[in-house]
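Taking it in order: structure first as structure tokens, then the write-up.
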Amino acid sequence: MEGLREENQRLKRAVEELSILNEIGLAISSTLGVEKITELIVKKCTKHIRAEQGAIWLLTEEDKITPLKTFVRIMNSTFSGVPYHFGMSLTGWMLKNQEPLLINELAKDERFKGIEKESEKIKSLLAVPLKLKNKMIGVLCLFNKKEGSDFTPDDQRLLSIIATQSAQTIENARLYEEERKLLVLEEDLRVARHIQQSLLPKIDPVVEGMEITGFSIPAKQVGGDYYDFIQIDDNHLGLAIADVSGKGTPAALLMANLQACLRGQAVINRSVKDTVANANFMLSRFMDTGKFITLFYGILDIKDKTFTYTNAGHDFPILLHPGGDLRTLEKGGLILGISDRSKYEEETVQLKPGDLLLLYTDGITEATNEKEEMYEKERLLQLLKDNLRLSAQNLSRKIVDSVIDFQGTYPQEDDITLVLMKT
């Protein structure tokens with residue numbers, strides 16, 4: 001008779017467990033959100049195993065000690081939550097051992113000595129790893145069995161089965177969310193690239209007796225290089241080129257702010273040095289520490305064929321004369337963003353027939369190939385000297401093609417931007 005009673009109890013428990021697993025299986029398959037899935041798992045486990053509280057820690061790929069997210073559902077208002085350091089210690093133990101942990105007298109457990117005060121409201125716990133193809137992706141844990149009773153081996157077995165059933169669902173949900181975020185990001189970048197490209201000059205300026213052109217290829221979907229042609233009046237044309245620190249969307253946003261500041265100052269201020277100083281003053285007020293911009297800005301006097309410029313820490317533009325003589329345009333001051341009180345010097349150069357002026361960013365001279373060799377300025381100078389007779393547009397295309405050919409299969413690491421003027 002006693003044996004029959006025990007068998008009936010065993011069968012009853014088995015039916016209850018199957019019912020619990022079926023209920024959890026239906027619940028977690030009904031939604032794709034990681035937070036909703038983990039919330040349901042915690043809720044069902046605390047209810048059926050009769051625990052005061054449950055938690056799931058999901059781990060990052062980069063640092064298995066740092067939880068990506070922790071989902072805690074308090075089932076008893078007297079329980080104030082899982083202390084942070086205890087949660088970290090528990091997660092660390094699980095990472096090291098990757099096996100179920102059942103403790104009914106935590107205060108006496110030698111494995112968690114030193115955090116008794118922090119964890120004094122936790123009397124007992126049951127934790128199992130969430131594993132997927134022998135890789136631990138998280139921890140499922142219950143705290144304090146209700147009515148002061150102990151967690152049992154049957155509780156551990158049931159929670160382990162639930163963890164096995166839940167791990168793949170949680171991982172699928174996480175991958176789905178990551179894919180969805182990636183698609184949104186890609187669309188944002190596509191729009192950002194379109195906006196950024198619309199900020200660059202759409203056509204080259206038409207100046208009698210001169211050729212002026214610009215070109216830019218971002219290393220990513222959006223970049224931090226900037227060039228511009230600013231029509232100040234019928235006889236004055238502003239030329240600018242800049243390189244914003246960093247890459248991607250943050251650099252592109254800073255580039256857009258630079259353009260707004262520079263254009264606003266250029267049309268109301270004929271002084272090159274004051275225009276750059278004022279733009280620097282405004283930009284420095286909101287630029288993050290460690291961010292900076294190199295800028296070269298000059299004004300072409302179309303009638304007198306003079307060019308007045310200032311250089312804010314940018315790569316020195318090259319002024320090449322027909323006979324092969326050259327000079328670099330270095331007069332200026334500090335890069336933008338270092339100090340809002342920076343002052344700048346300016347210089348005026350006389351342009352002569354046949355002169356070539358090249359403004360460029362370091363994406364050209366620092367382009368790297370498979371041998372980790374850089375393109376360097378000497379190669380650029382030789383290309384210019386060998387092709388002085390080409391039109392501005394053809395020469396700019398030749399420069400870009402030369403850089404791309406030099407890189408070979410090595411990925412483009414920086415934006416490639418230039419402005420070229422021929423008289």
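Just so you know, all these numbers are worked out from the coordinates, no wet-lab data involved. Being a predicted model, the structure only gives us computed values, none of them experimental. Virtual Cβ from ideal backbone geometry, glycine too; neighbours counted across all protein chains shown.
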**Message:** If you average the C-alpha positions of the stretch 373-423 and of the stretch 34-51 separately, how far apart do those two centres end up, in angstrom?
**Reply:** 62
**Request:** List the GluC sites (Glu not before Pro) within the stretch 98-195 that fall in a DSSP loop (any state other than H, G, I, E or B) and whose Cβ has at most 15 other Cβ atoms within 10 Å.
**Result:** Glu105, Glu116, Glu120
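Can you compute the FRET efficiency between Glu147 and Glu178 using 1/(1 + (r/R0)^6), with r the Cβ-Cβ distance and R0 = 30 Å? Round to the nearest 0.05. Please report the intermediate quantities before stating the final value.
Details: r = 41 Å, r/R0 = 1.38.
Step by step, r from the Cβ atoms, then E = 0.15.
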**Using θ = phi - 60° and Karplus 6.51 cos²θ - 1.76 cosθ + 1.60, couplings along the stretch 317-332 (whole Hz; Gly, Pro as x)** = x, 10, 10, 10, 8, x, x, x, 5, 9, 9, 10, 9, 10, 5, x
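Which loop trypsin sites (Lys or Arg not before Pro) in the stretch 182-268, with loop taken from DSSP, have no more than 11 other Cβ atoms within 10 angstrom of their Cβ?
Details: sites: Arg190, Arg193, Lys202, Lys220, Lys247, Arg263; in loops: Lys202, Lys220, Lys247.
Taking the stretch 182-268 and a limit of 11 other Cβ atoms within 10 Å, the loop trypsin sites (Lys or Arg not before Pro) found are Lys202.
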**Contour excess over end-to-end distance, with Cα ends at Val207 and Lys133 and 0.36 nm allotted per residue** = 19.9 nm
**Request:** Return the long-range amide H neighbours of Phe292 (sequence gap of 5 or more, or a different chain), with a cut-off of under 5 Å between placed amide H atoms.
**Result:** Ser245
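By per-residue mean of other Cβ atoms within 10 Å, what is the highest-first order of 360-368, 90-98?
Details: 360-368: 21.7, 90-98: 16.2.
The packing order, highest mean first, is 360-368, 90-98.
Around Gly354, under 10 Å between beta carbons, what's the net of Lys plus Arg minus Asp minus Glu among the other residues? Intermediate results must be reported in sequence, preceding the final value.
Values: positive: Lys352, Arg389, Lys422; negative: Asp355.
Around Gly354, the surrounding residues sum to +2.
If packing is taken as the average number of other Cβ atoms within 10 Å across a peptide's residues, how do 43-49, 230-236, 273-279 rank, most packed first?
The densest-packed peptide leads the list: 273-279, 43-49, 230-236.
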**Request:** Could you check the simple spin-label distance between Asn97 and Gln412, using points 7 Å along Cα→Cβ, in nm with one decimal?
**Result:** 5.5
**Integer Hz, Karplus 6.51/-1.76/1.60 couplings in order for the stretch 404-411, x for Gly and Pro** = 5, 4, 5, 5, x, 8, 5, x
